[in-house]
Amino acid sequence: MTVTKIALVGIGKIARDQHVPTIAASDRFELVAAVTGHEPPEGVPGYRTIAQMKEAHPDVQAVSICTPPRGRMKVIADALAHDLDVMIEKPPAATISEAATFAGMAEKAGRIFYATWHSREAAGVEPARKWLNGKEIHRVDVNWKEDVRVWHPGQEWIWEPGIGVFDPGINALSVLTHILPEPLMLKSAELRFPANRDAPIAVDLDFDHGQAPVRVEFDFDQRGPQTWDIDIETDGGHLKLSKGASQLAIDGKPVEVGDESEYTRLYRHFAELLDSRQSDADLSPFRHVADAFLLGRRREVGAFEE
Ligand code: NAP
């Protein structure tokens, strides 16, 4: 089996929680280096720039980019200039215009580009997509509600304009856009901004999916139990994805979907793309976020305190 030597760029929460252990457990990738402004993961040499990393490790073939979305353009351009295949965390970029250039930049450089959507790899997603195939959809309800204080402690970038609750919310949109047979069309939206922040803390979105209404609610201020649920009413019964789409139930009965982790599947897909020299850069979840900012009414709510 080919082993791809890979470097991580941006060693924050998700790099440490998921990317480092997933690569360590993979026999397809070897973590050779990290590009970081701070401490690299234990046992991995760290470098300040991609150029320095590549000079020290000319055999590195790919990078997995785990920095926040703003600033990705430069990091990706740097990686491609050093002949590296590229995989990026969601959301893909700061703007649609930036994100739309990445696959073309990679093609021009003769490299592979993968814009990942980790929630699409949750265990319930593919079985849900197959079950929905051929059914008539009557109604969809999404409730994606979590406490930002728990999941993003002290992360200033999460409150930059354009992100806020869309950072987790885009995960739900990545699942919906994968499992629903028709494209979603946004009809109206309400974005609620804390008085002291430039990004929404809660969002309601109303879409049409053909004739069926799709109601989506995101909340970043949910205390107590956390909710990452999608309910779909069809002519053939009720489908429920819960716990971030890792669990599936049909008409209230749990369906066995396995427990393979999202990031194991994500890296497997990257390996398939590398083997077939194909890129994967679906931007549809990100377009829905941009639509929400275009159509959405804005309301100010109480100040947010950590
Ligand atoms: P984080 O803990 O803030 O880490 C981001 C890292 O990126 C930093 O540690 C830093 O790495 C680097 N960085 C470069 N420019 C930065 C800037 N302007 N501000 C802050 N950090 C900067 O963020 P994260 O939670 O890992 O999220 C990173 C990406 O992964 C985001 O796109 C996020 O949506 C996605 N993601 C996060 C989670 C999660 O649960 N947290 C889950 C799935 C996906 P160095 O210290 O190495 O320089």
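Under a point spin-label approximation (7 Å from Cα along Cα-to-Cβ), what is the Arg277-Ile14 distance to one decimal in nm?
Placing both labels 7 Å beyond Cα along the Cβ direction yields 2.9 nm.
If every alpha-carbon in the range 79-159 counts as one equal scatterer, what log10 I(q)/I(0) does Debye give at q = 0.18, 0.22 1/Å?
Ignoring solvent entirely, the Cα scatterers give -1.02, -1.08.
Given R₀ = 35 Å, what would the calculated FRET efficiency be for Asp59 paired with Ile96, taking r from the Cβ atoms and rounding to 0.05? Please report the intermediate quantities before stating the final value.
Numbers: r = 35 Å, r/R0 = 1.00.
Rounded to the nearest 0.05, the efficiency is 0.50.
Hey, got a sec? Which trypsin sites (Lys or Arg not before Pro) in the range 1-85 land in a DSSP loop and have at most 16 other Cβ atoms within 10 Å?
Arg48, Arg70
Assign one of three labels to the range 4-115, namely rounded, prolate or oblate, based on the Cα gyration tensor with a ≥ b ≥ c the square roots of its eigenvalues; rounded applies when a/c is under 1.5, prolate when it is not and a/b is larger than b/c, and oblate otherwise.
On the way: a/c = 1.59, a/b = 1.35, b/c = 1.18.
It comes out prolate by the Cα gyration axes.
Per-residue HN-Hα couplings for the range 48-65, Karplus 6.51 cos²θ - 1.76 cosθ + 1.60 at θ = phi - 60°, whole Hz, x for Gly and Pro?
With the stated coefficients, the range 48-65 comes to 6, 9, 5, 4, 5, 4, 5, 5, 6, 9, x, 7, 5, 9, 8, 10, 10, 9 Hz.
Give me the extension gain from Arg129 to Glu306: residue separation times 0.36 nm, minus the current Cα-Cα distance, reported in nm with one decimal. Let's see the in-between values first.
On the way: separation 177, 0.36 × 177 = 63.72 nm, distance 3.74 nm.
Fully extending the segment from Arg129 to Glu306 adds 60.0 nm.
Please report, to one decimal in angstroms, the Kirkwood hydrodynamic radius of the range 147-288 built from all distinct Cα-Cα pairs.
Details: mean 1/r = 0.0583 Å⁻¹.
The answer is 17.2 Å.
Using each residue's phi in the range 182-192, evaluate 6.51 cos²θ - 1.76 cosθ + 1.60 at θ = phi - 60° and report the 3J(HN,Hα) Karplus result to the nearest Hz, with x for Gly and Pro.
The phi angles translate into 9, x, 8, 10, 6, 9, 7, 8, 10, 10, 9 Hz.
Can you tell me the mean projection area, over all orientations, of the convex hull of the chain's alpha carbons? Units nm², please.
Details: hull surface 64.3 nm².
Mean shadow area of the hull around the Cα atoms is 16.1 nm².
With a ≥ b ≥ c taken as the square roots of the eigenvalues of the C-alpha gyration tensor of the range 72-207, please select rounded if a/c is under 1.5 and otherwise prolate if a/b is larger than b/c or oblate if it is not?
Details: a/c = 1.99, a/b = 1.17, b/c = 1.70.
Oblate is the answer for the range 72-207, as a/c is 1.5 or above yet b/c matches or exceeds a/b.
Looking at the range 245-306 from every direction and averaging, what is the projected area of its Cα convex hull in nm²? Walk me through the numbers before you get to the answer.
Details: hull surface 35.9 nm².
Answer in nm², one decimal: 9.0.
How big is the shadow of the Cα convex hull of the range 35-78, averaged over all directions, in nm²? Before the final figure, lay out each step's value.
Details: hull surface 13.4 nm².
Over every viewing direction, the Cα hull of the range 35-78 projects on average to 3.4 nm².
Can you tell me the FRET efficiency between Gln52 and Asp83 if r is taken as the Cβ-Cβ distance and R0 is 22 Å, rounded to the nearest 0.05?
Numbers: r = 15 Å, r/R0 = 0.70.
The computed FRET efficiency comes out at 0.90.
Express in nm, to one decimal, how much length is gained between Lys108 and Arg70 on full extension, taking 0.36 nm for each residue of separation and deducting their alpha carbon distance. Let's see the in-between values first.
Working: separation 38, 0.36 × 38 = 13.68 nm, distance 2.26 nm.
Difference between extended and current length: 11.4 nm.
How far apart, in nm, are two points set 7 Å out from the Cα along the Cα-to-Cβ line at Arg215 and at Ala249?
Between Arg215 and Ala249, the simple spin-label model gives 1.9 nm.
Suppose R0 equals 25 Å; then what is the FRET efficiency for Arg297 and Asp198 from their Cβ-Cβ distance, rounded to the nearest 0.05? Show your work: numbers first, answer last.
Numbers: r = 17 Å, r/R0 = 0.66.
The pair Arg297/Asp198 has a calculated efficiency of 0.90.
For the chain, what does the relative contact order come out to in percent, with C-alpha contacts under 8 Å and a separation of six or more? Please report the intermediate quantities before stating the final value.
Working: 628 pairs, mean separation 58.0, N = 306.
Averaging sequence separation for qualifying contacts and normalising by length gives 19 percent for the chain.
In sequence order, what are the phi-derived ³J(HN,Hα) couplings for the range 74-82 according to the Karplus relation 6.51 cos²θ - 1.76 cosθ + 1.60 with θ = phi - 60°, rounded to whole Hz, with x for glycine and proline?
Working through the residues one at a time gives 5, 5, 5, 4, 4, 4, 5, 5, 9 Hz.
Whose amide H sits under 5 Å from the amide H of Val301, counting only residues 5 or more places off or on another chain, with H placed in the peptide plane?
Amide H neighbours of Val301: Phe193, Ala195.
For the chain, give the share of DSSP beta bridges that are antiparallel, in percent and rounded to the nearest 5; count only bridges with both residues there. Walk me through the numbers on the way to the answer.
Values: 36 of 67 bridges.
The answer is about 55 percent antiparallel.
What residue among Ser279, Ser119, Ser97 has the largest mean-square fluctuation in a Gaussian network model of the chain, using Cα springs under 10 Å?
Most flexible of the set in this elastic network: Ser97.
Here, each number is a calculation from the coordinates, and none is a lab measurement. Here the structure is a predicted model, which is why all the values come from computation and not from measurement. In this analysis, Cβ positions are derived from the backbone assuming ideal geometry, glycine residues included, and neighbour counts consider all displayed protein chains.
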